[in-house]
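Some notes on the structure that comes next.
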Amino acid sequence: MTKLKNNVFLTTALVLLMSGCASTDKPRTEATAATSAETPSEALVVQPITAPPTPAEIKDFGDRIQATPEALYSVVHNSYSLYLGGQYTAIYHVNDGGLDLVSDGGDRTCSYDTQAVLKDKADEAGCRQWLNDLNEALTRLSK
């Protein structure tokens, strides 16, 4: 009977402790949320890209891809890839800081180097649209 009392006491204490911890958390207000540290989704690229991207924006895309749990890491290539179903795959190369956007069929590629220079400028507007789509997907995935 004493063992049963001990178990009931310990269970009750644990429940009270857990309920006390849950209720002491202060709700975040908009003021504290705005002053807290930036999360990857609130980093540099939040506005649509209308001009050629900057090197900081390409690095930001890479950092956000790395922080996304859905991204796959390739040990062989030291790169992170994020598949955006039905459209393309975004690949961030950690070694050189480049970002590749490869269509599902592989017939269209947008490759940016670490200086944000697009290697094939034939479809610059289409590549910018892909970057905007990637930005929206990363924002959605980080929530």
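The values are calculated or read from the model by the stated rules, or taken from the named source; none is laboratory data. The structure presented is a predicted model; accordingly, all values stated were derived computationally and were not measured. Cβ sites come from the backbone with ideal geometry, for glycine too, and all protein chains shown count toward neighbours.
Could you please let me know if Thr54 is β-branched (Val, Ile, Thr), surrounded by 12 or more Cβ atoms within 10 Å (Cβ to Cβ) and at pLDDT below 95?
Details: β-branched (Val, Ile, Thr): yes; surrounded by 12 or more Cβ atoms within 10 Å (Cβ to Cβ): yes; at pLDDT below 95: yes.
Yes.
Can you tell me which residue within segment 64-89, out of those that are of a type in the set (S, T, N, Q) and within 12 Å of the chain's Cα centre (by Cα), is surrounded by the fewest Cβ atoms within 10 Å (Cβ to Cβ)? Show your work before the answer.
Narrowing segment 64-89 to residues of a type in the set (S, T, N, Q): 66, 68, 74, 78-79, 81, 87, 89.
Imposing the further condition that a residue be within 12 Å of the chain's Cα centre (by Cα) reduces the set to 66, 68, 81.
Values: Gln66: 15, Thr68: 18, Ser81: 18.
The selected residue is Gln66.
In this structure, does Glu42 turn out to be charged (D, E, K, R), modelled with pLDDT of 90 or more and under 15 Å from Asn135 (Cα atoms)? First the steps, then the outcome.
Numbers: charged (D, E, K, R): yes; modelled with pLDDT of 90 or more: no; under 15 Å from Asn135 (Cα atoms): yes.
Criteria not met by Glu42.
With respect to Tyr92, determine if the residue is within 20 Å of Glu70 (Cβ to Cβ), of a type in the set (Ser, Thr, Tyr), at pLDDT 90 or above and surrounded by 15 or more Cβ atoms within 10 Å (Cβ to Cβ).
Values: within 20 Å of Glu70 (Cβ to Cβ): yes; of a type in the set (Ser, Thr, Tyr): yes; at pLDDT 90 or above: yes; surrounded by 15 or more Cβ atoms within 10 Å (Cβ to Cβ): yes.
When the stated conditions are applied, Tyr92 passes them.
Table: residues versus (1) in contact with a Pro (Cβ under 6 Å, 6 or more places away or on another chain); (2) assigned to a loop (DSSP other than H, G, I, E, B); (3) of a type in the set (A, V, I, L, M).
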| position | (1), (2), (3) |
| --- | --- |
| Asp96 | no, yes, no |
| Leu101 | no, no, yes |
| Asp107 | no, yes, no |
| Ser111 | no, no, no |
| Cys127 | no, no, no |
| Ala137 | no, no, yes |
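In segment 95-143, how many residues are free of Cβ contacts under 8 Å to residues at least 12 places away in the same chain and either surrounded by 15 or more Cβ atoms within 10 Å (Cβ to Cβ) or closer than 20 Å to Thr54 by Cβ (or both)?
Our first condition is that a residue be free of Cβ contacts under 8 Å to residues at least 12 places away in the same chain; within segment 95-143, this holds for 105-107, 109, 117, 119-122, 125, 129, 136, 140.
Okay, now just the ones that are also either surrounded by 15 or more Cβ atoms within 10 Å (Cβ to Cβ) or closer than 20 Å to Thr54 by Cβ (or both), so 109, 117, 119-121, 125, 129, 136.
The qualifying residues number 8.
Give me the residue from segment 113-125 that is among the charged types (D, E, K, R) and part of a loop (DSSP other than H, G, I, E, B) and, out of that set, farthest from the chain's Cα centre (by Cα).
Checked segment 113-125; the qualifying residue farthest from the chain's Cα centre (by Cα) is Asp120.
Among the candidates Ile91, Ile58, which residue alone is of a type in the set (Val, Ile, Thr), under 18 Å from Cys127 (Cβ atoms) and part of a strand (DSSP E or B)?
Details: Ile58 fails: part of a strand (DSSP E or B).
Selected residue: Ile91, the only one of Ile91, Ile58 that is of a type in the set (Val, Ile, Thr), under 18 Å from Cys127 (Cβ atoms) and part of a strand (DSSP E or B).
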